[in-house]
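Accompanying notes for the structure given below.
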Amino acid sequence: MNGDVDLEDHTSPEIERQVMDVDIACAGFGPAMGGFLTTLTRAWSENPADPAFESRVAPGMPLQVVCYERADDLGAGVSGVVTQASGIRATFPDLNVGEIPMAAEVSSERVLYLLDPIGASRRSLLVRLGDRALRLFGSLLNVRDHAFRLPWTPSFLHKKAGLVLSIGQFNQWVSAQLMASGFAQIWPGTPASAPLFADGAVTGLRLADQGVDKRGEPADGFMAGMDVRAQLTVVGDGPFGAIGQALDHQLGMPPGHAKSEWAMGMKMVIELPADAVGPDSPLQPGAVWHTFGYPEPEIFGFLYVHPDRLVSIGIFVPSWLGDPSRTAYRYLQHYIQHPALWKYLKNGTLRSWGAKSLDESGRHGEPFLVGDGFARIGEGSGSTNMLAGSGVDEAWTTGVQLAESVIELLRSRRPFTREDLSATYQRRRRESWIERNARAAENARNGFHGGFVRGLLGMALAGLSRGRLSLKAEIPPPHRQIRPIPPRNSEDLKQQAAAMLAVEDGRPLHDALMSARGWPEIPFDGRLLVSQQDALLMGGKVQAMSGFADHVVFRNAGLCIACEEMTCIAMCSGQALTLGPEGVPTFEREKCVHCGGCLWNCANSPDGLHSNLEFRAGSGGLHSVEN
């Protein structure tokens, strides 16, 4: 029996597929889906006999709710976060933070501007003059260890009464409660490859084929992905999930909206040495540090303190850092060695490592939230607040809002049409604090497209005025934000020549370019300062189940061959992309951590809008119990 017509499917249309009917099909499991399923499950458990929760596809049974997650482990998150947690606390009013591993209540906050202690970063004349003034008057301004601590934390950054969390541990905690109830089924290691469409409505999901070769062609053990038909499809597969991408391709974006601003978030979990967490240390559980200025002015950083001498520390490398040789892991190694941080981290031990692309477009990147048969929640729905640097609580709350709307529609026996979902879910969202904060943050980062100082000014204007004042800017698509820097003088030529010699010795090109530009070599210690591949081995495990097709595919080989920047290779978190013999990058699925960085770090576009690279449905990724 054949399923409904699907969109952006990369399998043979004549393949016979099994079909399963459910009431609600969900794509992706993260904070947003956790909020949705928790709220729905609680409403059912409070009154299982409520006829609203009787299945339409299996009369006499509860609603058939199924969630499919790409990662092999529901705790495969890759981020330490700080969140105000107002939405999470509303769901769990009696929350005992100690029940969540690695969680702590926010105890203190500070903001540090990091000076460049080695002189290798690319800083404008205005920034250099400001740095010189800070050094000149350092004793008066309390500049220590090449860092200036702001005398206050801006109100828009405050996380009062918030939580420091490990997303992996939080997801595991939530999923354990959900699966114990038995109401919703959650299937990890089961990527959904495409939405199903019929008569203009989304009618479910198609699961990825298994037992195929790298190109997706049937091989030994072939099993066609099942078509899961549903009255409602909940899309929460993140900013570059296959289902969300397919919907954007099919429906387009609302007028004036585009997903053009991204960042690579890369972090480590480090076990601090005992002498770094004494009673007088600022690194007490719940301490939150925000940083900016180093290793490049445009790179923001963070340090969050968990219980048991653990810290999450990392950086965000934004798309508007136009340098094509940007490489997040090398920058992260220099960041943790900054004197203001290294004084505490030195002699620490790497416990975990991870990376993830963040959609920083905010409301500018909000897609169509609802349509006939579907609704979108979480980061992929444009909920992240980039002024506050907050996304987890927002994602969770969008899931809660959708669940409340679904319950309302079920009890009134109304269908999941675009009109009804707009009148319930979209209305709730528009009337909530999520919308108010999103509008305040909408243009907060526009200024960074005109430079670092202009960007800080724009953030301050938007933050202090609650969005009433902001800077205007044209935000180009990601491939146009990568600005090639041609050699300008003999010194530049010498640096590039030195880099090419290093490449001949087997070093990655972009790593060699950073060395040639004056960044010192990393003094590997085998414990905390380690190579990128060693970080993968020490800080987690990359799993790639056999039998799935390659999920990274290059559309136009000619564009790759002509590309000089190769930024996709520079920003590949797992070094899964390397330069192939004919100039087309080679992809090794077994090394991919599913960070999604290659998708927005492609410097060429076949149509002026989309990347020359496809990031399709795939299983596996990076796994660590402490991510």
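The values are calculated or read from the model by the stated rules, or taken from the named source; none is laboratory data. Quantities reported herein were computed from a predicted structural model and do not represent experimental measurements. Cβ placement follows ideal geometry from the backbone for every residue including glycine, while neighbour counts extend to all protein chains displayed. Remember, those area values only see protein heavy atoms, side chains included, never the ligands or the DNA or RNA. Shrake-Rupley method; radii C 1.70, N 1.55, O 1.52, S 1.80 Å.
Among the residues of region 408-424, those that are open to solvent by 20 Å² or more (accessible area, probe 1.4 Å), in contact (Cβ under 8 Å) with a residue 40 or more places away in the chain and either touching a Phe, Trp or Tyr at 6+ places or on another chain (Cβ under 9 Å) or in a helix (DSSP H, G or I) (or both) comprise ARG411, PHE416, ARG418, SER422.
Here is a yes/no grid of residues against (1) closer than 26 Å to THR397 by Cβ; (2) at pLDDT 95 or above:
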site	(1), (2)
ASP72	no, no
GLY75	yes, no
ARG89	yes, yes
ALA103	yes, yes
GLU109	yes, yes
TYR113	no, yes
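A single member of ALA230, ALA201, ALA287, ALA194 is open to solvent by less than 30 Å² (accessible area, probe 1.4 Å), modelled with pLDDT of 95 or more, closer than 18 Å to GLY618 by Cα and hydrophobic (A, V, I, L, M, F, W, C), and it is ALA194.
Residue count for region 29-57 under the criterion of being open to solvent by less than 10 Å² (accessible area, probe 1.4 Å) and either in contact with a Cys (Cβ under 8 Å, 6 or more places away or on another chain) or not in a helix (DSSP H, G or I) (or both): the result is 4.
Taking the numbered list (1) part of a loop (DSSP other than H, G, I, E, B); (2) open to solvent by 30 Å² or more (accessible area, probe 1.4 Å); (3) closer than 29 Å to GLY378 by Cβ; (4) touching a residue at least 40 places away in the same chain (Cβ under 8 Å) in turn, PRO282 passes all entries but (3).
Considering only residues in region 360-391 that are among the acidic types (Asp, Glu) and touching a Gly at 6+ places or on another chain (Cβ under 6 Å), the one that is nearest to VAL111 (Cα to Cα) turns out to be GLU379.
Taking region 258-279, which residues are open to solvent by less than 30 Å² (accessible area, probe 1.4 Å), assigned to a strand (DSSP E or B) and either under 13 Å from SER312 (Cα atoms) or without any contact (Cβ under 8 Å) to a residue 24 or more places away in the chain (or both)? Within region 258-279, GLY265, MET266, LYS267, MET268, VAL269, ILE270 qualify.
The set of residues in region 574-602 being in contact with a helix residue (DSSP H, G or I) (Cβ under 6 Å, 6 or more places away or on another chain), crowded, with 22+ Cβ neighbours inside 10 Å and either farther than 19 Å from ARG70 by Cα or at pLDDT 90 or above (or both) consists of ALA576, LEU577, CYS598, TRP600, ASN601, CYS602. Please verify whether region 550-567 includes one or more residues that are under 30 Å from PHE222 (Cα atoms), out of contact with any Phe, Trp or Tyr (no Cβ under 9 Å at 6 or more places or on another chain) and buried (at least 19 other Cβ atoms within 10 Å of the Cβ). Within region 550-567 (the criterion being under 30 Å from PHE222 (Cα atoms), out of contact with any Phe, Trp or Tyr (no Cβ under 9 Å at 6 or more places or on another chain) and buried (at least 19 other Cβ atoms within 10 Å of the Cβ)), the answer is no, since none of the residues qualifies. One residue stands out in region 101-144 among those that are without any contact (Cβ under 8 Å) to a residue 40 or more places away in the chain and among the polar types (S, T, N, Q): the one that is surrounded by the fewest Cβ atoms within 10 Å (Cβ to Cβ), namely SER139.
The rows are residues; the columns are (1) crowded, with 24+ Cβ neighbours inside 10 Å; (2) within 16 Å of PHE170 (Cβ to Cβ); (3) of a type in the set (A, V, I, L, M).
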{"site": "ALA25", "(1), (2), (3)": "yes, no, yes"}
{"site": "PRO59", "(1), (2), (3)": "no, no, no"}
{"site": "THR91", "(1), (2), (3)": "no, yes, no"}
{"site": "GLU99", "(1), (2), (3)": "no, yes, no"}
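Taking the criterion of being acidic (Asp, Glu) and touching a Phe, Trp or Tyr at 6+ places or on another chain (Cβ under 6 Å), the only residue of region 289-307 that qualifies is GLU298.
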